[in-house]
Amino acid sequence: MTAASISPDQKQAGFSGFGCSVAIVGTGSYAPEKILTNADLEKIVDTTDEWIVTRSGIRERHIAREDEATSDMATVAAQRALEQAKVAPEDVDLIIVATITPDMVFPSTACFVQNRLGARNATCFDLEAACAGFLFAVNTASQFIKTGAIRTALVIGAEKLSGVVDWQDRTTCVLFGDGAGAVVLQACEAPRGILSVVTGSDGSLTELLKLPGGGSRYPVSPQTIEQRLHYMKMVGKDVFKHAVRAMSEAGRKAIEQSGLSIDQIACIVPHQANMRIVEAIRDRMAVEPERFFVNLDRYGNMSAASIPVALDEAVRTGRIKRDDPILLVAFGGGFTWGAMVIRW
Ligand code: ACO
């Protein structure tokens, strides 16, 4: 990666390389055409629309075609974000894809996306922090911009979770969906841009949410397949408790570090896992429902894609406007969590 030269626009914006502010200058998203409703799920596992809606708030989710991989969804989301940002693919210096469902173990999904976009000048890699992956990736990319190492980054959260959920396990398969969201990051003039970031992990709780098979611990074998280790496993009740605590604490800390008060936050975009988790965070943070952006009823939990898809919808529908202070907050397997305050 070479040191970025400074564009005339960035000179005008006061861009001075090291320590500059970093903004999201474009968003895009993609959801597969096929919609799987709760009524459809009633035909697959022993469940009801009523159970799913009361326990999770989810009504439907998008499911990728069999021949549609994570990078296919990621590429469309990225093209839409680049178009909104008015950035050409060859001007992208860095592509990070946050995913737990890469196309292959290697090469990285980011390399597949690079090729499809024609972003030949980009350095590409994947980042895995489960449902918090998108926030971790934005934080990582913004460090490259802040140090002046690069000028433009493309960060994508993309997942084909339908390929890793156990369609015989009603406790998990009703919760997840497929999709992709992308953002373009560039330097900007303060006080806009990312104001604060809080991240954390707790590796003592890896057992509560995992996909054990197919890695070096349990390489794929007839036995791992028979034991269904290639599917996601979750201890739902415990995940719920930790998710609520970690997200409300991270959110509160990020707001405090941004120098703003909670009343000044115009919109909160939480990880879209479960409506009851969102409600519990709302109660803990004492924020009225209208300030939370929620679309999980139409998408389910898309892990690393959840926040960027919601963010794109919030921006394109005018729910988030220029200069609005917003909070993004996520939690996922690992455990991993993070929160970020951005002045849009
Ligand atoms: N349909 C009907 N019944 C079901 C279903 C289903 N799909 N799933 C479970 N049940 C049954 C259980 O078998 C159980 O029956 P029993 O009492 O006869 O044993 C009963 O419903 C209650 O099950 P619980 O697991 O106690 O249900 P709970 O109220 O805890 O809700 C849920 C389960 C929705 C998974 C909840 O624990 C949760 O939301 N956890 C958070 C998980 C999450 O969002 N993870 C996402 C990944 S991490 C992240 O993104 C934050």
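Bear in mind these aren't lab numbers, they're just calculated from the coordinates by the rules spelled out. Keep in mind that what you see is a predicted model, and the values were worked out from it rather than measured. Note that each Cβ is placed from the backbone with ideal geometry, even for glycine, and that neighbours are counted across all protein chains shown.
When shorter helices are ignored and each DSSP H run of at least 4 residues is given -39500 (n - 2.57), the per-residue value for the chain at 222 nm works out to -9500 deg cm²/dmol.
The phi-based Karplus calculation (6.51 cos²θ - 1.76 cosθ + 1.60; θ = phi - 60°) puts the 3J(HN,Hα) values of segment 88-105 at 7, x, 6, 8, 7, 8, 8, 10, 10, 10, 8, 6, 10, 10, x, 4, 9, 4 Hz, whole numbers, x for Gly and Pro. Normalised by 2.2 N^0.38 Å, where N is the number of residues, the alpha-carbon radius of gyration of segment 156-259 equals 1.42. Here's the list of lysines a cross-link from LYS237 could span, going by alpha-carbon distance under 22 Å and ignoring same-chain residues fewer than 8 apart: LYS210. Sequence-ordered 3J(HN,Hα) estimates for segment 305-320 from the Karplus curve with 6.51, -1.76 and 1.60 and θ = phi - 60° stand at 8, 4, 5, x, 5, 5, 4, 4, 5, 5, 6, 6, 8, x, 5, 10 Hz, glycine and proline given as x. Rg over Rh for the chain works out to 0.96, using Cα positions for both radii and the Kirkwood form for Rh. Cβ crowding within 10 Å, taken as a proxy for footprinting-reagent exposure, orders MET275, MET234 from fewest neighbours to most as MET275, MET234.
By the count of neighbouring beta-carbon atoms within 10 Å, fewest first, SER204, SER71 end up ordered SER204, SER71. Looking at this model, which pairs from LYS43/LYS233; LYS86/LYS233; LYS86/LYS253; LYS146/LYS321; LYS241/LYS321 are more than 30 angstrom apart at the alpha-carbon? Flagged as over cut-off: LYS86/LYS233; LYS86/LYS253; LYS241/LYS321.
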